[in-house]
1. Counting pairs of Cα atoms in the range 64-163, how many percent are more than 15 Å apart?
2. Show me the ranking of peptides 316-327, 192-203 by mean Cβ neighbours inside 10 Å, starting with the highest.
3. What is the extension gain from residue 207 to residue 182, computed as 0.36 nm multiplied by their sequence separation minus the C-alpha to C-alpha distance, in nm to one decimal?
4. Using 1/(1 + (r/R0)^6) with R0 = 35 angstrom and r between the beta carbons of residue 142 and residue 289, what's the FRET efficiency to the nearest 0.05?
5. List, largest first, the extents of the alpha carbons of the range 424-466 along their principal axes, each in whole Å.
6. Working only with C-alpha atoms, what are the Rg and Dmax values of the range 76-234, expressed in angstrom?
7. Output the relative contact order of the range 268-308, whole-number percent, from Cα pairs under 8 angstrom with separation of 6+ residues.
8. Gain in length, residue 339 to residue 218, computed as 0.36 nm per residue apart minus the alpha-carbon separation, to one decimal in nm?
């Protein structure tokens, strides 16, 4: 802490086009933002074996990869690990209790040196939006959002210098991370490093004094004690009316928000809203038949939304149904809809003239983006929850047994290239909930075993390449 705190830089000039400033790396949700393909027949370069649950998708941060995990009793821990590693990577920085108080299944977004993610799960009453320095993990600001059925499970988007996020019953909101208040008073983002440095020196001085009095009772200071300014909420829409667990998508001056209906609680709405990014006012809205857990994907002037009758619950797979819908970005006019004999729990990935979606019946389907006609279908023979990644003309999919499939984008022909349950480097079958990502020609995927046939068995994170 002594050595890195003084180097803290808050980047206020955030650009929307920066890789991974949104869920899956871009509005089309391809899970690949640099265009570098994975080599043929990739091998496991390194693996992290754990007893924790990796629910959120990995996210590239600088030269590393961000991993969020849940320990026993949902104890949270997250960190950044070097992507280029000979053997199991060691964390560059980590965060855990006491700074983290709630589990995080939110895939972060990054722009400049700002890394943003949410915390809280369905069982939590409230959640917090976190802003960290991407290079060191040092806290920059926090936005607590208390209340029943409020949790920040989806991914934020950083665009136009602001952060857009959904928060369950909190609806959707826009935050200005450069307009901060501390103890009710405005604080300039540029002054934050000095404030934290002064506070850290004060904490160290008190700790030294306590050690002199009684070393056995002296408690070292933690980053949780540093100042935590609160960013300004520019607008907030759908509070207590919507239930936004899906990642929001920001394209130009439009914000696409997908809201679900909770059958048990009888709250929420099944719909997609297109909001004005500046004001939050509704530009258009369309009802949906099924819950859009994965949110909207956008390519050109087409918005594609996948829906599922079931959530991410293994026990509910039987009889699941779904739908894929396409709308015009400007007007909201429906372009096409396609029924699916299974749940489409994740977002679609859009590339070229295709929309690719995974399903709970184990099928990966490709549809023509123009009219929704099916182009091909691939059978993974195991249910799939996670979204696909697309790079170099190949679709990568992780199923609920830990097999990683590579599918030709044009033909739909493919095969399982790695089975995490049988490969000697891992030998740990597990369910892929967060989609695989492709970064720098490497494929990174993580597993979890919250339920199902491998419940509470070891999990892993793997990096595939050459």
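Bear in mind these aren't lab numbers, they're just calculated from the coordinates by the rules spelled out. This one's a predicted model, so the numbers in the text were calculated from it and none came from an experiment. We place every Cβ from the backbone using ideal geometry, glycine too, and count neighbours over all the protein chains shown.
1. 61 percent
2. 316-327, 192-203
3. 6.6 nm
4. Given R0 = 35 Å and the Cβ-Cβ separation, E is 0.40.
5. Projected onto its principal axes, the Cα set of the range 424-466 covers 33, 23, 9 Å.
6. Spelled out, the Cα radius of gyration and Dmax of the range 76-234 are 17.0, 51 Å.
7. Taking the mean separation of contacting Cα pairs over the length of the range 268-308, I get 31 percent.
8. Here the answer is 37.3 nm.
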